[in-house]
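Notes for the one structure printed next.
None of the figures in this text is laboratory data; all of them are computed from the coordinates on show. Given the structure is predicted, the values throughout are model-derived calculations rather than measurements. Cβ: placed from backbone, ideal geometry, glycine included. Neighbour counts: every protein chain shown.
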Amino acid sequence: MLITDEEYNRNRKLDVSDKIEKRKTGWGQADYVSWVNAQILLKENHPKLSIAFEKNADGSPVFSHNGFAFVQPYLTDGDERTPSIFFPVMNNTFNAIEHPNACEINTACQRATAKAIATFTGLGICCFAGEDVPSQASLDNPPTTQNKSSTSDFQGKSPVNVDDWRSYPIKFGKYANKNLGQVSVENPDYIIGYLMGDKFEFKSETFKEACRQATEAIKDGTQDEPPTEEEVEELKKNQNDTTEEDDLSEDVPF
């Protein structure tokens, strides 16, 4: 037995508050232990144990099903091992990614490492309590962020004019070359939870106002009215100030 019941209960009650970090989601704030801190906790308390991954026939730790991918980490001391857990390759809104790339798979392995350590040792498992998919009520009524980029900044008259927020082009991150209208339909939480969250810093007041209008439309359920081709071209000509920096921080922290 790699971990006794006594060790598990001790680990579960261990104060790991100095290792806990927070991230913003579309439904609120979530606690997590990064894969680095999870490894530190493991080596501090069980130095002979390590994480390994199931391998498929070609030696890869990645398995696939209907275009989606998953990994299966387990705990081992080199001789004995635990069962493995199933961990899908997900995006920041906890949806499975179809045909993920190497970076997305790498992120999944790191997240899976932290979860496997918590699952089998009890170290940091408090962060996974209540991690189930949000209720339908929370999905239907995502919280309004209260921070420097929230919609509360725009009470009264808008500081800038945006003729059609749906046509506003995104020039950075995973949605580069798409517009806000498309993203508001494909992944509305990216706008409400990330762009209007407290970690994204707007450098363009016009883009900020467009995101505010997108947020209102998402809440009203009217975001799926597509812009005309003329509106798209006209707005592209007038948006020379959209020089937002590359979106390198959007993934869940490791």
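Of the cross-linked pairs K174/K199; K22/K178; K22/K174; K22/K115, which ones have a Cα-Cα span greater than 19 Å in the structure shown? Going by Cα-Cα distance, K22/K178; K22/K174 fall outside the 19 Å limit. Given a Förster distance of 22 angstrom, what is the FRET efficiency for A102 paired with E201, based on the Cβ-Cβ distance and rounded to 0.05? Between A102 and E201 the formula returns 0.20. Quick check: from the Cα gyration tensor, does the stretch 5-128 come out rounded (a/c under 1.5), prolate or oblate? The shape class here is oblate.
The simple Förster model, with R0 at 41 Å and r as the Cβ-Cβ distance, assigns K171 and Y8 a FRET efficiency of 0.25. For the stretch 106-121 versus the stretch 167-228, the spacing of their alpha-carbon centroids is 32 Å.
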